[in-house]
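The values are calculated or read from the model by the stated rules, or taken from the named source; none is laboratory data. Bear in mind that the values here come from a model prediction, so they are computed numbers and not experimental data. Backbone-built Cβ (ideal geometry, glycine too); neighbour counts: all protein chains shown.
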Protein chains: 2
Amino acid sequence: MKTFRNENQVRKISIGTCFPTDTILDRSFSEASYDTEAILEICDLKTKVLLKFEMSDADCVYGLGENLRGINKRGYQYESFCSDESKHLPGKTSLYAAHNFFIIHGESNLGVYIDFSGKINYDIGFSCIDEMSILVAGKDFDIYLYEGTLNEIVKQFRQSIGMNYVPPQWAFGYQQSRWSYENADIVREIAKGFETYDIPCDAIYLDIDYMERFKDFTVSDERFPDFRSFVDSMLQKDIKLVPIIDAGVKIEPDYDVYEEGIENDYFCTDIEGNPFVAAVWPGKVHFPDFLNPDARKWFGKKYHFLLDQGIKGFWNDMNEPAIFYSEQRLKETFEWLKAHENTNLDIYSFFEMIEKVNGLSNAVADYKNLYHKVGTQRVNHYEVHNLYGYNMTRAADEGFKQFDENQRVLLLTRASHIGMAKHSGIWTGDNHSWWEHLKLNIQMMPSLNMVGFLYSGADTGGFQDDVSPDLMVRWLQFSLFTPLLRNHSALGTKMQEPWRFEEKIRLQLRDIIRLRYALIPYLYSEFMKASIQFDMLFKPLSFEYTSAEADGVEDQLLVGESLMIAPVYEQNAKGRTVYLPEKMLLWKASAYENINTSQLEEVEAGYHYIKAHLNEILIFIRPGKLLPLVAPMDRVSKLKKNELSVIGYGSGYLKYELYEDDGESFDFKRGEYHLSILEVDHNQVVKSNNSHHSLKNQWIVRA
Amino acid sequence: MKTFRNENQVRKISIGTCFPTDTILDRSFSEASYDTEAILEICDLKTKVLLKFEMSDADCVYGLGENLRGINKRGYQYESFCSDESKHLPGKTSLYAAHNFFIIHGESNLGVYIDFSGKINYDIGFSCIDEMSILVAGKDFDIYLYEGTLNEIVKQFRQSIGMNYVPPQWAFGYQQSRWSYENADIVREIAKGFETYDIPCDAIYLDIDYMERFKDFTVSDERFPDFRSFVDSMLQKDIKLVPIIDAGVKIEPDYDVYEEGIENDYFCTDIEGNPFVAAVWPGKVHFPDFLNPDARKWFGKKYHFLLDQGIKGFWNDMNEPAIFYSEQRLKETFEWLKAHENTNLDIYSFFEMIEKVNGLSNAVADYKNLYHKVGTQRVNHYEVHNLYGYNMTRAADEGFKQFDENQRVLLLTRASHIGMAKHSGIWTGDNHSWWEHLKLNIQMMPSLNMVGFLYSGADTGGFQDDVSPDLMVRWLQFSLFTPLLRNHSALGTKMQEPWRFEEKIRLQLRDIIRLRYALIPYLYSEFMKASIQFDMLFKPLSFEYTSAEADGVEDQLLVGESLMIAPVYEQNAKGRTVYLPEKMLLWKASAYENINTSQLEEVEAGYHYIKAHLNEILIFIRPGKLLPLVAPMDRVSKLKKNELSVIGYGSGYLKYELYEDDGESFDFKRGEYHLSILEVDHNQVVKSNNSHHSLKNQWIVRA
């Protein structure tokens, strides 16, 4: 890799007149020239630009946010083009997001952000093992170059895109979802299940069937009669309901959202200027033009319909935007089919037919026939594709602020782009109940953090396909640490609420969920400190430890300042290899009630095979660090956060900086939060600077 | 797990009057009663039978032959129903084979073979973590129960199904394939590529385009003019051509195979007794009725058309049988489509459409409408589905014997069933260029060996999707050991012949292929000894080492008597963890020319992280063992097999039993082979009982 010979740590290269993406907030960069030494080559192709970077044998490439493959992205191709990719197969190059930030990490480090909202293709040592080439499908973009340590680079980049989204604190609790809990009775049964089996839960999701024929901002009267009272009855149990919102607005006369959109020209158009007709859940829809500020404001305000009824959170789906089919494509496909109906379909024509039908969805030609109105300008959607989901979510967030500017609302979204992290968290989309997707979940967390998606997590247990009991346990043992902890599964798959499993497994799942609640003081503190300091919650080992060994670790993560985790993600594994960059304290966690010093064991630096039975979680406490814990309760709100226990590893006084705030307002943005310094020696809490913490239990091992 | 309280090591339970499957040759079993203690429960359902087995926490389940998931099959569901499964995703339950043999391995071991050719579903701790339940979709079958050590159980079972297929020795050389080398010029270019880059190769495959419009036993005059001379010109270079054969026979008047089949009633029929119309490569076809001995004989003889022209090997494809569509299903689908053409397709009806179209292929309803004639009886295909590919391959093998009863012919097949291993090798079907499929390949080899498929291997580099350079290298480093070593890739994917990669990678690939030729004396010896002794070539560690640690190893294999391998199967990995059940000698192999003692290192028993750069292969030599090597040549036939080198690990005299035969006849079946005892001390070959071996080099490390 070439490196800077320059004093400036951050530089910007403008290739053209960039379409305003609103991704970069901090614009104080020095301008770099076109032929900066950091880039091997910039080739000006006819309508595209090719960038090349050199990689040495030992270099790792981190970043690209939500994407396939490992922590180190070398050896494959990727595409930045938000895509409703429902399979997440190793051969795919794109998921729902476009996160054009990466770091080449070697003897020195180079961070690169490409501010462009069209398609970008990456070839990171795929065609040539030591070369990274990037094809930008346009000529109007900026490149930002960052230098420093890995942590410095991320911090600089994150500062420039603004502070990340912070959800209400209850959103750190366990959340239960399924496509679908399709009526009020079923939702009640689910809530009852958590009571019956004494399992904590803070939220239940409403997937598409809560709506009246999949129309945004409607509730089916038949399925959810008197919705407001129903929401209220759940809130009385301190269970929040989280409904889904689709990007597409159903075409249906007299449906208010449709009528208003038409009346005000709020919908995207086709080449001829008519509202573009696509189909998603309700069948035919129009897409609100979220690049139009008026349309954004209008759509954002629509969320008030549900906020008014006591809703505290939403998930924005299908906003790549996903297109099942367009009217035109469907017509063409039917014509092809009819022309071939009575022919002898052989291997080539048969697969052409299969591809035609499967290719109905998310066709590039449809995106190219979709237009936005930005000011007086018509902008082709294909060129700014990756801004769509971002701006839908921005609309929602701005709508929430209009409803109550100081109230945090849970917001998740599927499609995302750099800069969107200001507005929302994300879930990682429609994964499968595959061990491979648990591994993908583990490996994706740091790169999501790099681009500001701190509030994120995967569908725990897997959305599609049937989960096995051991996969459910192992996945939950990892999601234990992700700020978003949601169990979600698809129509037609095995039910995967904790009590759908045999007793032995159900009790293990309960123990893990309870451990999650015990960890909330730590997770929330680390999340908030990372947010305020533009830091990451999940880090690859190489961000804190400098060695070839640390660079090579793809399946362990640092979680906040005190922990390193080594999840088990292989079926039937009764342990795993762990690399310790330094001596640490291993806590083989199983249940909050079981914590005792016999579960704590010092492990020397180096590689070790460590046993982990199905009910054991490998958590390592770094030297000199404390892990605060609280006694689990069935809701986040009930946690007695001033009665803490600690596990610690080190000599003398051990310190931990505990973050606390009201958990629901934005007052923290004005500095209204508490940072309590917990200092613990081997006998007691020595000091807490706001002195309201009492120590219940402590398990300290002297280093 | 329940165990026998019985003296008998093998017992048979007959549930009904079994349809003759010809899988079991050795019928000398004692009859066991219905309520044997080994089985927890046998439930007589209305048209099915449910078997249940107990598993303790520590038990592993091995077997099921060609299937998804790990060496230990616990924690998932499987289906025995030969299926053209083109994705091999973790959520699938069936591949191309039905291998109903498994072993529950714990404090004692229980082997189980279910002799049934219809559908069987396995739930191995998927629904209930400690229970295995097996649903047999019929009531006429036999169960065989085997007791003993793991090796004894496999040996007993294998003896009962007969000696496995043995290919000509040249089939241990490197083989190059692609869909397609579509004409003679391209095949010549490929052969030339191997010459130009000095890479060994023994065979080139001909995929579907060599035929005249996909008709079995035809050659396209246009693409391969004067085929006989062309084959001959390749044979003069000692390159064997291996054409593909489809199970379906094109419906085309005047095409001899079609006409003869119709005339003699050799095709499968539908419920009304008309030849069943399915579609595969050529479009509409009939399926030869391979369960009819006359049809089998007729079809087997058809191979002579190609044998006559100098062809030395074949691959039988699509013999599950795969059905792209049936006439009737296509018609129904088109009707559904037309009825929905102008409706508003919403999420449910749109996905119904997608499923209808994708569900055209391999529909159970089609298999249920397909009939065989067995003697005077009409047999529904669905009930004996898994016998189809088996009997196509049997037809081919019997045809070869008729052509020349003492000449080995290379034969691979896709669909398979227990007992077919007598007739053919298999490749593991249409995998992808995914690291996950390299791992699957590693994990599948022992279970294939258990059911007799010793001559097998995967499409190295992956069939579908584009391969990365490092995956190509790592995969070849594993396939180095599989008897079938074939590089195969699909239409539309990146070309993956060794010289399609940059020089650095090409040279590494060449080194690995040359190492393969160096290993042939060992691999062939171990293959043949395992064949004769009903043993396995690839074994999980637990077959030779008794410990919980050995039971847990899912990514290392014993290969023959001298070696343990630890393949690297993760991208960007610069090493891996290895478990050594005892002290062994590590050979970090890179190229034959590089072998020297600095590449040899003793490694203590236990878990170790061992570095392995992209060009390094981790091969462990077991204590007291020798590994014979020969100098690589560009063809198997040119290897100077009496000039051997050895790597050894141990004290005093080290022995190795080298197997040799003519490599092309079946004379070995009459005992006509040589077993030379190589005895080596630290200085020389001390003894070779047929004394024609000279020692070129030796690298011996004293234990």
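The set of residues from segment B:35-56 being more than 22 Å from B:Q156 (Cβ to Cβ), assigned to a loop (DSSP other than H, G, I, E, B) and not charged (D, E, K, R) comprises B:L40, B:L45, B:T47, B:S56.
Only one of the listed residues (A:D142, A:D207, A:D202, A:D185) is at pLDDT below 95, farther than 30 Å from B:Q496 by Cα and charged (D, E, K, R). That residue is A:D142.
When you check A:S326 against the structure, is it surrounded by fewer than 16 Cβ atoms within 10 Å (Cβ to Cβ) and without any contact (Cβ under 8 Å) to a residue 60 or more places away in the chain, yes or no? So A:S326 fails the test.
Checking each residue in segment B:180-198 for being part of a loop (DSSP other than H, G, I, E, B) and surrounded by 22 or more Cβ atoms within 10 Å (Cβ to Cβ) picks out only B:Y181. Restricting segment A:63-93 to residues that are among the small types (G, A, S) and within 14 Å of chain B (Cβ to nearest Cβ) leaves a set whose member that is surrounded by the most Cβ atoms within 10 Å (Cβ to Cβ) is A:G70. Please determine whether any residue of segment B:49-62 is away from every other protein chain (no Cβ under 14 Å) and over 19 Å from B:E131 (Cα atoms). Within segment B:49-62, none of the residues are away from every other protein chain (no Cβ under 14 Å) and over 19 Å from B:E131 (Cα atoms). Looking at A:L580, is it touching a His at 6+ places or on another chain (Cβ under 8 Å) and hydrophobic (A, V, I, L, M, F, W, C)? Yes: the conditions hold for A:L580.
For segment A:272-323, filtering for residues that are within 14 Å of chain B (Cβ to nearest Cβ), at positive phi and small (G, A, S) leaves 1.
Residue pairs whose Cβ atoms lie under 9 Å apart, sitting 6 or more positions apart in sequence or on different chains, and linking a residue in segment B:421-435 that is more than 18 Å from B:M445 (Cβ to Cβ) to a partner that is of a type in the set (D, E, K, R) and part of a helix (DSSP H, G or I), are B:K422/B:R394; B:K422/B:D397; B:H423/B:R394; B:H423/B:D397; B:H423/B:E398.
Number of residues in segment B:582-619 that are of a type outside the set (A, V, I, L, M, F, W, C), in a loop (DSSP other than H, G, I, E, B) and within 13 Å of chain A (Cβ to nearest Cβ) equals 2. All conditions in (1) among the hydrophobic types (A, V, I, L, M, F, W, C); (2) touching a residue at least 12 places away in the same chain (Cβ under 8 Å); (3) surrounded by fewer than 20 Cβ atoms within 10 Å (Cβ to Cβ) hold for A:A32, with the sole exception of (3).
Checked against (1) under 30 Å from B:P167 (Cβ atoms); (2) touching a residue at least 40 places away in the same chain (Cβ under 8 Å); (3) assigned to a helix (DSSP H, G or I), B:D294 passes all but condition (2). Is it true that some residue in segment B:650-671 is within 14 Å of chain A (Cβ to nearest Cβ), surrounded by fewer than 21 Cβ atoms within 10 Å (Cβ to Cβ) and not aliphatic (A, V, I, L, M)? Within segment B:650-671 (the criterion being within 14 Å of chain A (Cβ to nearest Cβ), surrounded by fewer than 21 Cβ atoms within 10 Å (Cβ to Cβ) and not aliphatic (A, V, I, L, M)), the answer is no, since none of the residues qualifies.
With respect to the conditions (1) surrounded by fewer than 18 Cβ atoms within 10 Å (Cβ to Cβ); (2) within 14 Å of another protein chain (Cβ to nearest Cβ), A:K640 lacks only one, and its number is (2).
Residues in segment A:430-468 that are over 30 Å from A:E152 (Cβ atoms) and touching a Ser or Thr at 6+ places or on another chain (Cβ under 8 Å): A:D430, A:S433, A:D459, A:T460, A:G461, A:G462, A:F463, A:Q464, A:D465, A:D466, A:V467, A:S468.
Taken over segment A:199-214, the residue count meeting the criterion of being among the charged types (D, E, K, R), within 14 Å of another protein chain (Cβ to nearest Cβ) and either assigned to a loop (DSSP other than H, G, I, E, B) or within 17 Å of A:K240 (Cα to Cα) (or both) is 3. For segment B:35-43, check the following and say yes or no: at least one residue is within 14 Å of chain A (Cβ to nearest Cβ), surrounded by 12 or more Cβ atoms within 10 Å (Cβ to Cβ), touching a residue at least 12 places away in the same chain (Cβ under 8 Å) and more than 30 Å from B:H381 (Cα to Cα). No; the residues of segment B:35-43 include none that is within 14 Å of chain A (Cβ to nearest Cβ), surrounded by 12 or more Cβ atoms within 10 Å (Cβ to Cβ), touching a residue at least 12 places away in the same chain (Cβ under 8 Å) and more than 30 Å from B:H381 (Cα to Cα).
When segment B:314-336 is filtered for residues that are farther than 30 Å from B:I271 by Cβ and in contact with a helix residue (DSSP H, G or I) (Cβ under 7 Å, 6 or more places away or on another chain), only B:F314 remains. Only a single criterion out of (1) farther than 30 Å from A:L485 by Cα; (2) more than 14 Å from every other protein chain (Cβ to nearest Cβ); (3) in a loop (DSSP other than H, G, I, E, B) is not satisfied by A:V166, namely (1). Applying the set (1) under 26 Å from B:F314 (Cα atoms); (2) assigned to a helix (DSSP H, G or I); (3) out of contact with any Leu (no Cβ under 9 Å at 6 or more places or on another chain); (4) not polar (S, T, N, Q) to B:R506 leaves exactly one unmet item: (1). Could you say whether any residue in segment B:605-612 is crowded, with 16+ Cβ neighbours inside 10 Å, at pLDDT 95 or above, of a type in the set (G, A, S) and touching a strand residue (DSSP E or B) at 6+ places or on another chain (Cβ under 6 Å)? Within segment B:605-612, one or more residues are crowded, with 16+ Cβ neighbours inside 10 Å, at pLDDT 95 or above, of a type in the set (G, A, S) and touching a strand residue (DSSP E or B) at 6+ places or on another chain (Cβ under 6 Å).
Scanning segment A:235-253 for residues that are closer than 25 Å to A:R486 by Cα, assigned to a strand (DSSP E or B) and touching a helix residue (DSSP H, G or I) at 6+ places or on another chain (Cβ under 8 Å) yields A:K240, A:L241, A:P243, A:I244, A:I245, A:D246. Taking the criterion of being away from chain B (no Cβ under 14 Å) and either within 17 Å of A:L387 (Cα to Cα) or modelled with pLDDT under 95 (or both), the residues of segment A:111-131 that qualify are A:Y113, A:I114, A:D115, A:F116, A:S117, A:G118, A:K119, A:I120. Suppose we keep only residues that are more than 40 Å from the chain's Cα centre (by Cα) and either part of a helix (DSSP H, G or I) or closer than 19 Å to A:E355 by Cβ (or both) within segment B:331-348. Which one would you say is farthest from the other protein chains (Cβ to nearest Cβ)? Here the answer is B:A339. Filter segment B:32-61 down to the residues that are of a type in the set (G, A, S) and more than 25 Å from A:N572 (Cα to Cα) and list them by number. Correct list: B:A32, B:S33.
Each row is one residue, and each column tells you yes or no for (1) surrounded by 19 or more Cβ atoms within 10 Å (Cβ to Cβ); (2) over 28 Å from A:F314 (Cα atoms).
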residue	(1), (2)
A:S108	no, yes
A:S127	no, yes
A:D142	yes, yes
A:K155	no, yes
A:F172	yes, no
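Of the residues making up segment B:57-74, those that are at pLDDT 95 or above and in a loop (DSSP other than H, G, I, E, B) are B:D59, B:L64, B:G65, B:E66, B:N67, B:L68, B:R69, B:G70, B:I71, B:N72, B:K73, B:R74.
Residues are listed down the side, and each one gets a yes or a no for (1) without any contact (Cβ under 8 Å) to a residue 24 or more places away in the chain; (2) touching a strand residue (DSSP E or B) at 6+ places or on another chain (Cβ under 8 Å):
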position: A:V166; (1), (2): no, no
position: A:G173; (1), (2): no, yes
position: A:S177; (1), (2): no, yes
position: A:A184; (1), (2): no, no
position: A:A191; (1), (2): no, yes
position: A:D209; (1), (2): no, no
position: A:D216; (1), (2): no, yes
position: A:D221; (1), (2): yes, no
